[in-house]
Amino acid sequence: MKTILERWGQSAARRHWLVIVLWLVAVVGLLLGRQFFGGELADDYTVPGSSSAQGADLLTKEFPQAGGYSGQLVFQAPAGKQVSASSSAVNQAVGNAAKLPHVLTATSPFAAANSPLVSKNGQIAYATIAFDVVPGSLDHSYLDQLDAALAPARAAGLTVEYGGGAGQIDDATDDRSSEAVGLALALVLLLIMFLSLAAAVIPLVSAIVGVLVGLSILALLANLFTLPTTAPTVATLLGLGVAIDYALFMVARHREGVDARQPILQAIGRAAATSGAAVVVAGSTVVVAILGLYLSGVPFVGALGGSSAIMVVVAMCAALTLVPALLGLVKRAVRAWGRRDESAAAPDHEHGLFARWGRAVSRHPWPYAAGATLLLLVFALPLLKIEFGQVDAGANPTSQTSRRAYDLLSEGFGPGANGPITVVVAVPQGQSSSDTQSMMNSLSQSLSKTEGVASVSPANVNPANTVAVMNATPTTAPQDDATTDTVRRIRDDVLPTVAATTYLTGTAQAVDFTDRIVQRLPLIIGAVVLLALILLTMAFRSLAIGIKAAVMNLLSVAASYGVLVAVFQWGWGSSFIGLDEKVPIPAFVPMFMFAVIFGLSMDYEVFLLSRVHEAYGQTGDARRSVAIGIGATARVITTAAAVMIVVFASFVLNDQPIVKMLAVGLAFSVLIDASVVRMILVPAVMSLLGDRAWWIPRWLDRILPRISLED
C-alpha cells in the first residue's frame, strides 16, 4: 500500500494544477447539482417490524385521513379573553390550512360543542392537522403558505404557534456560525503549530472543499434515500474534524522531510506513504465503524451513519490527493517563518520534551496506568444512572415556535397533550358497526382507568368499518420515563383484553425506537471492537496492540458517556451551552458516539503506534521506541486533538439539543483520548508489555493480510 500511496502522492504533487482544477470543477459542479436537484431531508423514526410501524402502515392503507404525520395549530387569546370569542376566525384559518398541499385533515377546536381541544379556562385551544409527508421536509415557502392560511386568526388578535409536526416545517438548522468559529480557532492553532501561513491554510482548504463536496453528495442522495434533517450538521461536524486532522498529519510529515532538505517530491511521497497509509487505515476504521450503525435495524440511525461515512470518505480522498497537490504548489513555503533558507538537521525526536515525558511514564508505568484508569472510571461513574429516552420540543429554545406551542399545550391541557398515544384497532372481519362502537367504548373506559392516562378521545372508525383509532393523552410529558411506563402498561394490561388486533403508535413510536436501539447496542459495540482489533492486528502484526486499544477505547467511551449523563441528564453546567432543561439521552446518541469515538481514537492510535513501530524496527528497544514515537507525534497529535476539540465544541452553538450532545460528547472524548489515553496509558502499558507488545501467534500471522504503515 505504501508504494502505491507514495507514487500517488508524488503524481498529485507533480501535476498539482490539474488536481486542484479537478477538485474545483467537482465542487462547482456538485454545488450546482445540489442547488437544482437536491432532495429534501426528513426525520423518519419508524422501526421496521415494530407494533408502532405496523399500526402506522395499517392507518396509511385503510384510514389515511386518520394517519399521516400529525401536528397542532395552537391558538392563545389575549389576557382576560377567550379563544371562543374569535371562533369564526379560527374556523376560517383552519379551513384555509386544510386546503394546503400535503394536508390530509385539519380539525378546528370549534368543530363540535364542548370540544376537548379547548382548555378549561378558554384561553388556549388547538386544531389538529395531519400531513401526508414528513413535515420537516417542507421548506420555507410552505411555511409562508401556512402563515398566510392562519392570517385570519392572527388578525383577530390571537397568538398562533405550530406544535408537533407542524413545528418542524422549515426547521433546518444554520451551522454557519459554528463552522466559522470552529475554522477560525483551528486556523489559530495551526498557525501556532506550524508558524507558516501556507502550512496552516492547507488543512483548512482541504476540509472546506471536502465538506462542500460531501454536503452536495448528501443533498443529491436525499432524492434516493430518506436522510435525517440532522445528517448534514452531524456530517459537517465530523467531516471538518477528521479532514483537518488527516491533512494536518500529512503536512506535518511532509515538513519533516522539507526541513531535512529532502527534495519536494520525495518529501511529499514519504508523507503519502507513511501518514497517508495511516490515514487510509484510520479513516477506513472510522467509515466501517460508522457503517456498523446499520446493524441497529433502524433506518434513521443507519442513514445518519451512512451520511457521516460519506463525509469521512471524501475527507480521506482530499487528504490523499488535494493535500499533496497543494504541497506541490507551495513547495518550501510550509517551513516555519525565519527557517526557510536555513539548512536543518533531521529532528531529534528522542530527546525532546514529549520524549522525556514518555520516558518518565515508562520508568514508573504502574502508578501512571493506575491513576489514568482511575480517572477514566471516575468520569464514567454517571453512566450507571443513564436514562434513555427521546428529547421532545420542551428542550428547544423559546425562540422556536415548536417550543412555544409545547409550553402553551402544557399550560392548557397538561404536558401529555404534546405526545398522545394513538391506539389503532383492526376491526374483525364481518363485525357490525354497532359491535365496533361497543368494542371501542369498552376500550375507552379501560384506557380512562389506566394509571398515567389523563384523557381519551372519542373513537374514529373508517367508512369501511375495518380500522378504528383513538388517542390516549398521558399525564406526563413525552420524554418522561413515566410516559414510557404508561405505554407499556397499555400494551401489557389493556390491549390484550380487546377482541381484535391492536397497535400503538404516536408516542409509542419513540418507545419502540429506544427499545430497538438499546437492544442492538451490544451488537454494535461488539462489531466495532472486533473490527478495530482485526485492523490493528493486521497493521502492526500484534495481537496485544489490538486488545490494548480495544480496552482503552472502551474506557474512554465510557468516560464520555458519563460526561453526557452529568451535563444533559443531570444538568451540570448545561446552562453554559444554552440548554435550560434536563433531558434524557436519546439511545441513538450513545450508539452513534461509540462508532465515531472508537473510529476517531484509531486515528491517534495508528499515527502514534506507526511511529513507535517504526522506531522499534530501527532500534529493537521497546521502551526507547515508545519515547521516540511520542517525541515524534505528540506535538502533532496534541495540535490535531485541539483542532478537533474546538471544531466539535463550536457546534454547541446549534439550537438542537441532540447536536449539542454530540458536540460535547465528541469534544470530550477527543480531549480524554489525546491526553489521558495517548500520553499516559499508551506509554505506560507499552512499557509494561515490552517486547511482548509486538507478539503475534504464528498461525494468525500467516492468515492475516499485511498492511505496512512505515518505510
Looking at the range 80-102, can you tell me whether even one residue there is of a type outside the set (Phe, Trp, Tyr) and under 30 Å from residue 501 (Cα atoms)?
yes
Go through the residues of the range 642-659 one by one and say whether even a single one is in contact with a His (Cβ under 8 Å, 6 or more places away or on another chain), surrounded by 24 or more Cβ atoms within 10 Å (Cβ to Cβ), at negative phi and among the aliphatic types (A, V, I, L, M).
no
With criteria (1) surrounded by 15 or more Cβ atoms within 10 Å (Cβ to Cβ); (2) in contact (Cβ under 8 Å) with a residue 60 or more places away in the chain; (3) closer than 20 Å to residue 232 by Cα, residue 126 comes up short on (3)
Need at least 3 residues that are outside the structural domain of residue 359 (by TED's automatic domain parsing) per element, so show me which helices (runs of 4 or more DSSP H) inside the range 611-693 make the cut, counting only ones lying wholly within it.
none
Looking at (1) at pLDDT 90 or above; (2) within 30 Å of residue 264 (Cβ to Cβ); (3) in contact with a Leu (Cβ under 9 Å, 6 or more places away or on another chain); (4) among the hydrophobic types (A, V, I, L, M, F, W, C), which one does residue 106 not meet, given that it meets all the others?
(2)
Give me the pairs, please: first residue somewhere in the range 94-107 and more than 11 Å from residue 166 (Cβ to Cβ), second residue anywhere and in a loop (DSSP other than H, G, I, E, B), beta-carbon distance under 6 Å, and either six or more positions apart or on two chains.
94/108; 102/132; 102/133; 104/68; 104/132
Among the residues of the range 331-358, write down those that are of a type in the set (Gly, Ala, Ser) and modelled with pLDDT of 65 or more.
333, 336, 338, 352, 355, 358
Here is a check on your reading of the model: is residue 248 closer than 27 Å to residue 529 by Cα, assigned to a helix (DSSP H, G or I) and hydrophobic (A, V, I, L, M, F, W, C)?
yes
Could you please give the count of residues in the range 27-50 that are surrounded by 15 or more Cβ atoms within 10 Å (Cβ to Cβ) and either among the β-branched types (Val, Ile, Thr) or modelled with pLDDT under 90 (or both)?
11
Can you tell me how many residues in the range 616-640 are surrounded by fewer than 24 Cβ atoms within 10 Å (Cβ to Cβ) and without any contact (Cβ under 8 Å) to a residue 60 or more places away in the chain?
5
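Listed here are the residues, each with its yes/no results for (1) β-branched (Val, Ile, Thr); (2) touching an Asp or Glu at 6+ places or on another chain (Cβ under 9 Å).
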| site | (1), (2) |
| --- | --- |
| 105 | yes, no |
| 112 | no, no |
| 116 | no, no |
| 121 | no, no |
| 128 | yes, no |
| 136 | no, yes |
| 145 | no, no |
| 149 | no, no |
Reported set for the range 155-200 where residues are of a type in the set (D, E, K, R) and on the phi < 0 side of the Ramachandran plot is 161, 171, 174, 175, 176, 179
When only residues in the range 439-490 that are assigned to a strand (DSSP E or B) and in contact with a Gly (Cβ under 6 Å, 6 or more places away or on another chain) count, which is farthest from residue 403 (Cα to Cα)?
454
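The rows are residues; the columns are (1) in a loop (DSSP other than H, G, I, E, B); (2) under 25 Å from residue 575 (Cα atoms); (3) modelled with pLDDT under 95; (4) of a type in the set (A, V, I, L, M).
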{"position": "361", "(1), (2), (3), (4)": "no, no, yes, yes"}
{"position": "369", "(1), (2), (3), (4)": "no, no, yes, yes"}
{"position": "374", "(1), (2), (3), (4)": "no, no, no, yes"}
{"position": "381", "(1), (2), (3), (4)": "no, yes, no, yes"}
Selected residue [touching a helix residue (DSSP H, G or I) at 6+ places or on another chain (Cβ under 6 Å), hydroxyl-bearing (Ser, Thr, Tyr), in contact (Cβ under 8 Å) with a residue 12 or more places away in the chain and surrounded by fewer than 23 Cβ atoms within 10 Å (Cβ to Cβ)] from 537, 514
537
Of the candidates 76, 10, the one satisfying the condition of being touching a residue at least 12 places away in the same chain (Cβ under 8 Å), farther than 30 Å from residue 212 by Cα and polar (S, T, N, Q) is 76
Could we say that residue 229 is among the hydroxyl-bearing types (Ser, Thr, Tyr) and not in a helix (DSSP H, G or I) here?
yes
If we ask which residues in the range 352-370 are under 33 Å from the mean Cα position of the chain (by Cα) and loosely packed, with under 15 Cβ neighbours inside 10 Å, their number turns out to be 1
Exactly one of (1) under 16 Å from residue 486 (Cβ atoms); (2) charged (D, E, K, R); (3) surrounded by fewer than 23 Cβ atoms within 10 Å (Cβ to Cβ) is unmet by residue 392. Its number?
(3)
Check residue 288 against each of (1) within 25 Å of residue 550 (Cα to Cα); (2) over 18 Å from the mean Cα position of the chain (by Cα) and name the one condition it does not meet.
(2)
Qualifying position, being buried (at least 16 other Cβ atoms within 10 Å of the Cβ) and either among the small types (Gly, Ala, Ser) or closer than 22 Å to residue 145 by Cα (or both), among 82, 76, 65, 10:
76
Could you please give the count of residues in the range 132-164 that are touching a helix residue (DSSP H, G or I) at 6+ places or on another chain (Cβ under 6 Å) and within 29 Å of residue 44 (Cβ to Cβ)?
8
Scanning the range 373-402 for residues that are closer than 30 Å to residue 159 by Cα and either in contact (Cβ under 8 Å) with a residue 24 or more places away in the chain or assigned by TED's automatic domain parsing to the domain that holds residue 581 (or both) gives 390, 391, 392, 393, 394, 395, 396, 397, 399, 400, 401, 402
For the range 648-695, name all the residues that are polar (S, T, N, Q) and either modelled with pLDDT of 90 or more or within 29 Å of the chain's Cα centre (by Cα) (or both).
650, 654, 656, 669, 675
Inspect the range 392-407 for any residue being over 25 Å from residue 558 (Cβ atoms), acidic (Asp, Glu) and touching a Pro at 6+ places or on another chain (Cβ under 6 Å) and give the result as yes or no.
yes
Working carefully through the options 518, 498, find the one that is modelled with pLDDT of 90 or more, under 34 Å from the mean Cα position of the chain (by Cα) and of a type in the set (A, V, I, L, M, F, W, C).
518
Subset of the range 264-305, residues closer than 16 Å to residue 231 by Cα and assigned to a loop (DSSP other than H, G, I, E, B), comes to 298
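The values are calculated or read from the model by the stated rules, or taken from the named source; none is laboratory data. This structure is a prediction, so every number in the text was calculated from the model and none was measured. Please note: Cβ atoms are built from the backbone with ideal geometry, for glycine as well, and neighbour counts cover all protein chains shown.
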